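> I have a structure I would like to understand better, so I am pasting it below and will then ask my questions one at a time.
The values are calculated or read from the model by the stated rules, or taken from the named source; none is laboratory data. Every value quoted in this text rests on a predicted model; they were computed, and no experiment measured them. So basically every Cβ, Gly included, is an ideal-geometry build from the backbone, and we count neighbours across all protein chains shown. Heads up: the accessible areas ignore ligands, DNA and RNA and are worked out on the full protein's heavy atoms, side chains in. Shrake-Rupley method; radii C 1.70, N 1.55, O 1.52, S 1.80 Å.
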Amino acid sequence: MSDYTMTIDGEAVRAPDTFGVINPATGEVAAQAPDCTREQLDRAMAAARAALPAWRRDEAARRKALQTAADLLFAQSEEIGRIITLEQGKPLKDATTEVVGAGVWLKYFADLEIPREVIQDDDRALVEVVRRPVGVVAAITPWNFPLLLAVWKLAPALLAGNTVVLKPSPFTPLSSLRLGEVLRDVLPPGVLNVVSGGDELGAWMTAHETPRKISFTGSVATGKRVAAAAAPDLKRVTLELGGNDPAILLDDVDPAAVADRLFGAAFANNGQVCSAIKRVYAPESIYDEVVEALADRARAAKVGDGMSEGVQYGPINNAPQYERVKELVADALSGGARAAAGGGPIDGPGYFFRPTILADVSDGTRIVDEEQFGPALPVVKYRDLDEAVARANGTHFGLSGSVWGADADRAADVAARLECGTAWVNTHLALAPHQPFGGFKWSGVGVENGPWGLYGFTEIQVIHRAKR
Ligand code: NAD
């Protein structure tokens with residue numbers, strides 16, 4: 001029997017079956033989650049549809065509910081943080097920060113204006129452009145930031161007057177189920193429904209007749225399936241997909257001065273961040289120094305169970321991802337790459353992997369060309385800057401990237417040439433609620449956050465009043 005319940009029409013709902021959620025620090029089942037049936041999903045969708053008319057009418061109530069939701073997350077950040085560490089693996093401090101971050105996002109959207117623009121007001125007509133809710137939103141999330149990425153969807157969707165059916169990743173369903181439980185007294189029944197199950201449940205949601213919008217965060221491969229499933233019904237989609245973010249170092253950069261920030265942005269959340277640095281391009285003149293500076297930090301990093309004090313990096317979240325990182329690192333090493341630090345898993349239970357810096361590796365190697373999504377970073381040597389920019393752009397990915405140099409204007413000029421949704425200068429991974437986030441090319445469709453993220457949960461309506 002599961003301790004965690006789904007939320008459907010404001011009620012706690014158990015399913016006939018459950019599935020085990022594994023603690024990645026031990027490899028053992030830590031809790032059971034309900035395995036939502038088709039009939040239960042139908043009920044969640046029906047509840048979301050029924051809740052729409054009243055919810056979309058009362059903007060003040062929506063703002064108040066988002067504020068209250070934020071306050072509840074702040075108050076319970078440590079308790080919910082423990083759930084995130086249990087299912088995701090990240091250190092408790094980071095998990096608690098994730099919950100607080102979710103509260104910050106809720107507060108931002110609680111106060112965000114929903115624009116109503118007058119675009120013509122003359123003797124012929126008053127023409128206004130207003131934003132209407134899309135309807136029921138199907139929200140589907142991955143396992144790296146289970147709570148924060150759910151809130152990135154819920155907060156703008158609910159502010160705009162939509163109702164939501166949320167499905168977390170089967171690897172990390174517990175914190176989202178708990179979110180549903182916590183918000184049961186805050187949101188009217190049916191406004192937020194939380195269901196849990198396997199990948200199939202996601203496919204049922206995208207094919208379901210009720211949602212008018214799918215907001216999806218996950219891999220490119222699944223994102224394409226979601227887009228295809230949405231097409232016959234012309235459902236609106238926002239897709240936040242994978243990245244293979246390059247960091248280009250210019251020849252005037254001081255490796256020692258930027259190594260902490262580079263390492264931090266590559267290994268945050270154990271490398272399991274869509275917009276983490278996934279490949280570093282370093283000029284020949286400072287290549288060895290860059291590799292050593294990064295390797296020093298990798299060797300010093302404290303890896304362990306996220307519940308233990310002082311741990312900086314937890315395990316990889318799940319067995320398939322652990323196998324994938326192992327495979328990509330082994331492939332690079334067998335192709336002639338050198339492990340300047342790490343290079344393989346840590347013995348013992350759990351999905352632990354040594355923070356790895358790979359040198360003498362280049363484009364054409366899988367770990368450079370593909371998204372590793374784990375604690376292993378390739379450092380690629382370049383001679384010519386134009387060639388480095390071309391290699392950085394020579395991919396289907398286009399989530400984000402960064403350029404690092406002592407002359408910030410020169411670095412900004414290079415950053416402007418990157419084909420990606422966010423181009424950072426002398427930083428990477430700087431994200432904020434007011435800053436739109438999304439990808440070029442296969443990294444996504446649409447954006448989240450800021451007013452632009454809100455617009456993704458609205459339809460534009462023109463109100464044209466003739467004056468004569
Ligand atoms: P995934 O695509 O395997 O799963 C994501 C979600 O989709 C899960 O809830 C899963 O159950 C569901 N799903 C699976 N098959 C489905 C289908 N056919 N129809 C509908 N839903 C389905 O991704 P993941 O392994 O959980 O997450 C890792 C990926 O997510 C990485 O590629 C990472 O870069 C990406 N990501 C992107 C962002 C971003 O904002 N761009 C943020 C975080 C993670």
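> Using a 1.4 Å probe on the protein chains only, how many percent of the accessible area of the chain belongs to carbon and sulfur?
Here carbon and sulfur together make up 51 percent of the probe-accessible area.
> Then there is this: Can you give me the Cα centroid spacing of the stretch 219-285 and the stretch 316-336 in angstrom?
18 Å
> Assuming 1.567 mPa s and 4 °C, estimate D for the stretch 1-51 with Stokes-Einstein, Rh taken as the Kirkwood radius over Cα pairs, in µm²/s.
On the way: Rh = 12.0 Å.
For these conditions, the coefficient is 108 µm²/s.
> In Å and on Cα atoms, what radius of gyration and Dmax does the stretch 247-341 show?
When restricted to the Cα atoms of the stretch 247-341, Rg and Dmax are 14.3, 42 Å.
> Oh, and also: Identify, among 118, 439, 313, the residue whose Cα sits farthest towards the positive end of the charge dipole of the chain, taking +1 on the Cβ of Lys and Arg and -1 on the Cβ of Asp and Glu, with the dipole about the Cα centre.
Value: 118.
> Hey, what did the stretch 254-294 get for relative contact order, percent, Cα under 8 Å, at least 6 apart?
55 percent
> So if I place +1 on the C-beta of Lys and Arg and -1 on the C-beta of Asp and Glu, and nothing else carries charge, what would the dipole magnitude of the stretch 133-256 be about its Cα centre? I want it in debye, nearest 20.
Working: 10 positive and 11 negative charges, 137 e Å.
It works out to roughly 660 debye.
> Are there trypsin sites (Lys or Arg not before Pro) in the stretch 285-314 that DSSP marks as loop and that have at most 14 other Cβ atoms within 10 Å, and which are they? Show your work: numbers first, answer last.
Details: sites: 297, 299, 302; in loops: 302.
Loop-located and lightly packed - 302.
> Which of the listed residues, 219, 188, 353, is farthest toward the dipole's positive end in the chain, when Lys, Arg count +1 and Asp, Glu count -1 at the beta-carbon?
After comparing all options, I get 188.
> What's the magnitude of the charge dipole for the stretch 345-468 around its Cα centre, counting Lys and Arg as +1 and Asp and Glu as -1 at the beta-carbon? Answer in Debye, nearest 20.
Numbers: 11 positive and 15 negative charges, 145 e Å.
Dipole about the Cα centre, nearest 20: 700 debye.
> Give me the accessible area of residue 397, 1.4 Å probe, in Å² rounded to the nearest 10.
Approximately 40 Å² of residue 397 is accessible to the 1.4 Å probe.
> In addition: What relative contact order, as a whole-number percentage, does the stretch 245-431 give when Cα pairs under 8 Å and 6 or more residues apart are counted? Display every interim value, and only then the final one.
Values: 388 pairs, mean separation 51.5, N = 187.
Relative CO of the stretch 245-431 lands at 28 percent.
> Further, regarding this structure: Just tell me the longest site-free run in the chain, where the sites are GluC sites (Glu not before Pro) in a DSSP loop having at most 12 other beta-carbon atoms within 10 Å.
By the stated rule (loop sites, at most 12 other Cβ atoms within 10 Å), 310-468.
> Also, quick follow-up: If I take all pairs of Cα atoms in the chain, what percentage of them are more than 31 Å from each other?
Of all Cα-Cα pairs in the chain, 43 percent lie more than 31 Å apart.
> Tell me, what is the percent relative contact order of the chain, built from C-alpha pairs under 8 Å that lie six or more residues apart? Working shown, then result.
On the way: 1143 pairs, mean separation 84.0, N = 468.
About 18 percent, as a whole number.
> Given H placed 1.01 Å from N in the peptide plane, which residues other than close sequence neighbours of residue 22 have an amide H under 5 Å from its amide H?
Under 5 Å from the amide H of residue 22: 30.
> Rg/Rh for the stretch 176-306: what does it come to with C-alpha atoms and Rh from Kirkwood?
Numbers: Rg = 21.2 Å, Rh = 18.5 Å.
A ratio of 1.14.
> Taking the Cα centre of the chain as origin, work out the dipole magnitude from +1 charges on Lys and Arg Cβ and -1 charges on Asp and Glu Cβ, in debye rounded to 20.
1520 debye
> Right, here's the next one. Considering the dipole of the chain built from charges on the beta carbon (Lys and Arg +1, Asp and Glu -1) around the Cα centre, which of 95, 69, 325 is farthest to its positive end?
Looking along the dipole axis, the top candidate is 69.
> So, one more: Helix check for the chain. Which DSSP H runs span at least 27 Å along their own axis by Cα, with a mean Kyte-Doolittle hydropathy no less than -1.0?
Flagged H segments are 38-57, 92-111.
> Continuing with this model, one more query. Per residue of the stretch 246-254, in order, report the coupling 6.51 cos²θ - 1.76 cosθ + 1.60 (Karplus, θ = phi - 60°) as ³J(HN,Hα) in whole Hz, putting x for Gly and Pro.
x, 10, 9, 9, 8, 6, 9, 7, 9
> Taking Rh as the Kirkwood radius computed over C-alpha pairs, what is the Stokes-Einstein D of the stretch 350-450 at 20 °C in a medium of viscosity 1.002 mPa s, expressed in µm² per second? Mind dumping the intermediate values first?
Working: Rh = 15.1 Å.
Calculated translational D: 142 µm²/s.
> What accessible area per residue, rounded to a whole number of Å², is obtained for the chain using a probe radius of 1.4 Å?
39 Å²
> Throw me the Rg/Rh for the stretch 245-431, computed over C-alpha atoms with Kirkwood Rh, two decimals.
Values: Rg = 15.4 Å, Rh = 16.3 Å.
Rounded to two decimals, Rg over Rh is 0.95.
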